[in-house]
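Have a look at the structure below, then the notes.
The values are calculated or read from the model by the stated rules, or taken from the named source; none is laboratory data. As the structure is a computational prediction, the values presented were derived from the model and not from experiment. Don't worry about glycine lacking a Cβ; one is built from the backbone with ideal geometry, like all the others, and counts go over all protein chains shown. With ligands, DNA and RNA removed, areas are computed over all heavy atoms of the protein, side chains included. Shrake-Rupley method; radii C 1.70, N 1.55, O 1.52, S 1.80 Å.
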Amino acid sequence: LGLNISPVGVVPTTSRLIYFDYGSSFRASVYNPHKKEVFLQPEQLYSFLARDVSGGRAEIQVPSPILKKCRLVDTPGIDSLDTDLFKISEQAVKKADKIIYLFHQRGIEESSRLFLLKLASAWKNKNLNDISFWLNCNLGTSDGTSLAATRSALREIFLSPVRLNSINTFAREDLETFYLFLEVELAREYFRRTAGELRKIDAEIPYR
């Protein structure tokens, strides 16, 4: 979205679900167990989210065209030691239409493996192509070892070949490519749903 909003770090730093929707101007509402905070500047929100770990949720409006086509949800890191945050992420993915799963540069680890086994079970009646996996190589050049190991592990978990891409979230050109990837995925979903509606209409036309 071109903004620094969700805190990032070597250890999990997101302590709540963060929802991104379209708005004509930036506005964020953070709902904690006992109060609501409103922010009109991204910098103020980032500073608050980086230090506040009281949970709840954040609903953010951003004037980004892609948010006219979808709602994005940022979940807590699944390698958090907080089991409540793990459960929050688990529930969020069950409700999602599509999932973008971001690995650390070191690749799949035990916490990811456990989470993905649950995801594979929950997703077995859905289209596996609606999950995309990304290895975030933002700590320097990767020799490809973690990419190969993670791809192999994903195949074992999901019992079929899984697409795994590499990305550097610090590189502007990679983010632009990723934005185009999202646009294509959303267009594909739009055409899929439209085709379904047309089939329903066709079924209602008397036979000739």
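Points to keep in mind about this one:
- Per-pair calculated FRET efficiency, R0 = 25 Å: residue 175 and residue 155 via Cβ, rounded to 0.05: 0.35
- Across 35/124; 69/94; 69/200; 69/126; 68/95, pairs whose alpha-carbon gap is larger than 30 Å: 35/124
- Accessible area (Å², 1.4 Å probe, nearest 10) - residue 68: 140 Å²
- Shown are 184, 62, 8, whose ranking by accessible area with a 1.4 Å probe and every protein chain present, most to least, is 8, 184, 62.
- In order along region 54-59, the phi-based Karplus estimate (6.51 cos²θ - 1.76 cosθ + 1.60, θ = phi - 60°) of 3J(HN,Hα) comes to 7, x, x, 8, 10, 10 Hz; Gly and Pro are listed as x.
- Taking mean projected area of the Cα convex hull in nm² as calculated from this structure, the corresponding entry among [x] 11.2; [y] 14.8; [z] 16.3 is [y].
- Taking 7 Å steps out from each Cα toward its Cβ at residue 188 and residue 57 produces label points 2.7 nm apart.
- Extension gain from residue 202 to residue 105, taking 0.36 nm per residue of separation minus the Cα-Cα distance: 30.1 nm
- Rolling a 1.4 Å probe over the protein heavy atoms gives region 96-208 an accessible area of 67 Å² per residue.
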